[in-house]
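Written below as structure tokens is the structure these notes are about.
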Amino acid sequence: MRTLSTLVVILIISGALFGFAPNAKEEQLQKFITTHVEKIKPMEKEANLASWNAAVSGKSEDYDKVSRLTLELRQVYSDPCNFAFLKETKESGQVKSALLARQLDVLYNDYLENQIEPQLLKQIVELGTEIEEKFNTFRGSIEGRKVTDNQIKEILKTETDSEKRKQAWLASKQVGAVVADDLIRLVKLRNQAARKLGFDNFHTLSLTTAEQDVKELDKTFNELYDLTNEPFAKLKADLDSILASKYGVTAAELMPWHYHDPFFQETPLVYELDLDAYYKDKDVKELAIKFYNSIGLSVDSILSSSDLYERQGKNPHAFSTDIDREGDVRILCNLKNNEAWMETILHELGHAVYDKYHGRHVPYILRQPAHIFTTEAIAMFFGRLSRNPAWMQEMLELTDEQRAEIEKVSDKYAQLKQLIFVRWAMVMYDFEKRLYANPDQDLNTLWWDMVEKYQLVKRPPDRNEPDWAAKIHFTLAPCYYHNYVLGELLASQLHHYIIHKVLKLESYENVSFVGQRKAGEFLTMEVFEPAAMYHWNDMIERATGEPLTPKYFVAQFVK
Ligand SMILES: [Zn+2]
């Protein structure tokens with residue numbers, strides 16, 4: 001395999017020999033980029049460090065610093081003169097150098113999404129914060145008694161009385177009615193901002209700045225819909241009959257509150273499988289180090305600056321962050337020795353090795369993952385291993401009997417988990433697209449049309465409430481949900497390619513990836529090193545021989 005750096009050297013030499021001298025536009029752009037990077041590089045590092053410190057300390061003054069630095073960075077990207085320069089340069093069509101053109105595309109999008117008029121932006125940010133606060137402080141109630149989200153979840157996981165389940169589910173939806181009007185106002189403000197920038201609506205603007213296309217996405221989602229229709233119906237029928245007998249109702253009587261979470265996005269825990277038992281006497285950190293080392297991806301430098309264990313005030317979740325695009329990559333976790341944290345540390349280290357192994361020769365602006373969903377795909381690819389029976393056997397030194405025990409249910413769970421999630425994500429994607437296209441339509445009905453179509457869950461009779469508004473993502477992370485699905489699709493596409501083309505194995509069965517240095521090499525060369533030098537779909541095509549496709553996800557999880 002040729003290395004990228006040799007390729008770059010060859011290009012530079014041939015450029016010198018054949019006289020690909022940069023034209024005036026290219027020179028201007030290169031100058032702009034140099035000045036821009038000199039300015040933002042220290043700013044981004046400072047902001048990333050501040051954000052890290054805030055997550056680790058939990059101090060409000062640290063969080064204030066993050067907001068201030070984030071705002072300063074946004075101000076750089078909102079400069080209308082610089083945006084005008086980039087727009088003019090792009091439209092001139094004179095930037096021929098692929099590397100410059102790519103940097104121009106990335107910069108242009110970064111500026112474009114920050115061109116919203118300051119007054120309008122202020123309204124959008126303030127209204128968004130207001131809604132978020134309502135989400136944070138609102139408590140639903142059951143028979144006049146306030147309940148927390150965790151209490152609701154607990155009831156939906158364990159309660160067998162249908163009426164009690166119904167009350168808990170209804171309580172989970174009450175926040176919808178509290179925020180719905182504001183959320184519709186927010187959608188309209190976002191649309192107004194997008195129209196001023198020449199887009200149909202905010203959904204189209206968001207996808208465009210993320211280098212995604214509504215038609216392409218629709219195609220992928222439609223294909224996935226067709227391919228999962230029958231298998232999902234079958235798996236769900238099995239699940240329904242188990243749930244129905246558990247609750248003493250017929251399958252036809254099952255209602256949304258009979259599933260184990262408010263939106264039926266997670267797998268109801270109806271098949272016995274306790275993976276935690278296998279991890280409780282192990283050290284998930286050591287397992288992660290051992291595994292990544294075994295495939296030639298060293299995580300020592302990452303872990304030495306990471307923060308891995310619970311502490312008062314510290315962010316209770318997990319993330320990975322690239323501080324400086326120069327190799328200072330860290331993860332934050334709150335490790336416990338169980339399966340969920342095994343998955344999480346493998347997942348976060350997946351993000352981290354992607355960032356760590358970006359080619360150092362790649363220009364700063366492109367020294368980031370090709371797309372937010374491509375780094376998610378790498379994280380998912382590794383995260384999935386914590387439930388993989390072959391991986392577990394090798395890493396945890398299990399007997400064949402123990403492995404067989406896991407295999408009995410792990411496949412079924414993996415399928416259920418993926419299918420339930422993608423069908424739910426279809427609701428989110430399709431509904432949100434229509435929400436921005438026409439926020440004045442009957443959204444309450446639209447929501448249940450989508451739920452019935454994709455999740456095969458019946459709407460409660462005569463219900464006319466804004467149940468959709470209870471999903472916080474419409475407020476906090478608009479037009480983003482589809483990236484989770486694309487991440488899963490790419491994780492499966494890479495999985496397939498690595499098994500068949502890189503490791504040259506016949507089947508999926510028994511593949512643990514432990515010790516497979518070729519897999520690590522392939523990912524480094526074809527995915528991590530090129531960073532964002534290519535459009536995400538070009539990167540995928542270069543790496544796997546075809547653009548992003550749902551077919552390998554279907555092959556892996558739809559049986
Ligand atoms: Zn992630």
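The values are calculated or read from the model by the stated rules, or taken from the named source; none is laboratory data. Being a predicted model, the structure only gives us computed values, none of them experimental. Every residue, glycine as well, gets a Cβ built from its backbone with ideal geometry; the counts of neighbours run over all protein chains shown. Surface areas here come from the heavy atoms of the whole protein model, side chains and all, with no ligands, DNA or RNA. Shrake-Rupley method; radii C 1.70, N 1.55, O 1.52, S 1.80 Å.
One table, with the values for the structure above:
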{"read-out": "Exceeding the 30 Å Cα-Cα cut-off - candidates Lys153/Lys336; Lys282/Lys408; Lys246/Lys314", "value": "Lys246/Lys314"}
{"read-out": "Heavy-atom accessible area per residue - the chain, 1.4 Å, Å²", "value": "46 Å²"}
{"read-out": "Cβ-Cβ FRET estimate between Val270 and Thr137, R0 fixed at 35 Å, reported to 0.05", "value": "0.55"}
{"read-out": "Rounded Å value of the spacing that divides the Cα centres of the stretch 362-385 and the stretch 104-121", "value": "23 Å"}
{"read-out": "Prolate/oblate/rounded call for the stretch 392-547, Cα gyration tensor, a/c under 1.5 rounded", "value": "oblate"}
{"read-out": "Local electrostatic count at Leu86 - Lys and Arg +1, Asp and Glu -1, tallied over other residues with Cβ under 11 Å", "value": "-3"}
{"read-out": "Overall form of the stretch 259-352 per C-alpha gyration tensor (a/c, 1.5; a/b vs b/c)", "value": "prolate"}
{"read-out": "Protection proxy ranking, peptides 221-229, 241-249, 182-190, average beta carbon neighbours within 10 Å, highest first", "value": "182-190, 221-229, 241-249"}
{"read-out": "Largest to smallest principal axis extent of the C-alpha atoms in the stretch 30-93, angstrom", "value": "48, 19, 14"}
{"read-out": "Semi-axes of the equivalent ellipsoid for the stretch 375-418, Cα gyration tensor, largest first, Å", "value": "21, 14, 4"}
{"read-out": "Antiparallel content of DSSP bridges confined to the chain, in %, to 5", "value": "90 percent"}
{"read-out": "Projected-area average for the chain over all orientations - Cα convex hull basis, square nanometres", "value": "26.6 nm²"}
{"read-out": "Residue-span extension gain [Thr399 to Glu310] - 0.36 nm each, minus C-alpha spacing", "value": "28.8 nm"}
{"read-out": "Rounded, prolate or oblate (a/c below 1.5 giving rounded, otherwise prolate when a/b exceeds b/c) for the stretch 102-238 by Cα gyration tensor", "value": "oblate"}
{"read-out": "Two-site label geometry, Asp218 and Leu505: point separation in nm, points 7 Å out along Cα→Cβ", "value": "4.0 nm"}
{"read-out": "Charged-residue dipole, Cβ positions (Lys, Arg, Asp, Glu), the chain about Cα centre, Debye nearest 20", "value": "500 debye"}
{"read-out": "Euclidean distance between Cα centres, the stretch 72-92 to the stretch 301-351, Å", "value": "35 Å"}
{"read-out": "Residue among Leu207, Gly515, Ala177 farthest towards the positive dipole end of the chain, charges placed on Cβ", "value": "Leu207"}
{"read-out": "Area projected by the alpha carbon convex hull of the stretch 262-309, averaged over all directions, nm²", "value": "6.0 nm²"}
{"read-out": "Mean residue ellipticity (222 nm) of the chain, computed from DSSP H runs ≥ 4 via -39,500 (n - 2.57), nearest 500", "value": "-20500 deg cm²/dmol"}
{"read-out": "Mean separation of Cα contacts under 8 Å (6+ apart) over length of the chain, as relative contact order %", "value": "17 percent"}
{"read-out": "Centre separation in Å (Cα based) which lies between the stretch 37-52 and the stretch 263-287", "value": "37 Å"}
